[in-house]
Amino acid sequence: MGYGFAQAVSKVIASITLIFVLIFGQASAARAEPVTIVAFGDSLTQGYGLRAPDGFVPQLADWLKANSTESGAVRLINAGVSGDTTAGGAARIDWTLTDDVDGVIVALGGNDLLRGIDPAVSRANLEKILQATVARDVPVLLVGLVATANMGPDFKQNFDQMYPELSAQYGTLYVRDFFIGLLQPDGTVDGDAVRARMQSDGIHPNKEGVRDIVEGLGPDVIELISLARLGR
């Protein structure tokens, strides 16, 4: 009876060991496989006016290498299209979300703002994009923008509010302003400092501006990577 009991215990231990090997082996394999994150935006994402290594996506990849233990297992895809509006994004989101995409940075709306497009239209387009990500169970970091006062108070209120409201509705990660890395710690703007980090058009950041933008957004991208890995 003692021998039989020992055999039973040995089998239980072996079974538990096998379970742990399977679980942790699968977890290790999942960690080793690169997480694919798509940077889905316009010229700010694409790297307009900059050398390829100085654009948003390459600098973000470098920042992740320096600041994230999982950086080696992350593949960033530049899906920025210069001049793209939220309508353009809504039109191409379905074929952008291929099976290998694990997470998306959505950073659109700047060209809508420049063209004075009704925020209700922009909001509807962003909602189509987010609905597509939800349908594929892909986590999102939604990056907003802040409208200038010269668009009028109603426009500014509706434009500024659509990002946090959509983020809450669809359960995304959220950053209020793509340019948050160029703001002072108290959220105010130092005009001279910002101008020094912009290209001559005053719209697109230069190499140093992108560096600061990446530093501002980087921690949220790390959180997106973590969610993407958990969702596998």
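The values are calculated or read from the model by the stated rules, or taken from the named source; none is laboratory data. Predicted, not measured: the structure shown is a model, and the values here were computed from it. Backbone-built Cβ (ideal geometry, glycine too); neighbour counts: all protein chains shown. In case anyone asks, the SASA skips ligands and DNA or RNA and just uses the protein heavy atoms, side chains included. Shrake-Rupley method; radii C 1.70, N 1.55, O 1.52, S 1.80 Å.
Numerical summary
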quantity	calculated
Nearby aspartates and glutamates by direct alpha-carbon distance to Lys156 (threshold 20 angstrom, same-chain neighbours under 8 apart not counted)	Asp112, Asp118, Glu127, Glu165, Asp177
Average accessible surface area per residue within the range 135-232, 1.4 Å rolling probe, Å²	51 Å²
15 Å beta-carbon shell around Ala120, net charge (K/R +1, D/E -1)	-2
Gyration tensor (alpha-carbon) shape descriptor, the range 152-208, a/c threshold 1.5	prolate
Rounded accessible area of Arg115 (nearest 10 Å², 1.4 Å probe)	150 Å²
Where labels lie 7 Å past Cα in the beta-carbon direction, separation of Asp118 and Thr148 in nm	2.4 nm
Net length gained if the chain between Glu215 and Asp192 were fully extended (0.36 nm per residue, minus Cα distance)	6.3 nm
With all protein chains modelled, accessible area of Ile129 [1.4 Å, Å²]	0 Å²
Cα-centre dipole for the range 67-178 with unit charges at Cβ (Lys and Arg positive, Asp and Glu negative), debye to 20	200 debye
Area accessible to solvent at Ser167, 1.4 Å probe radius, in Å²	10 Å²
Cα→Cβ-extended label distance, 7 Å offset, between Gln199 and Asp62, nm	1.7 nm
Shape of the range 38-156, Cα gyration tensor, a/c cut at 1.5	oblate
Rg(Cα)/(2.2 N^0.38 Å) for the range 116-167, N = residue count	1.22
Normalised per residue, the volume of the convex hull around the Cα set of the range 79-137 (Å³)	69 Å³
Whichever aspartates and glutamates have a C-alpha closer than 12 Å to that of Lys207, once near sequence neighbours (fewer than 8 apart) are set aside	Asp54
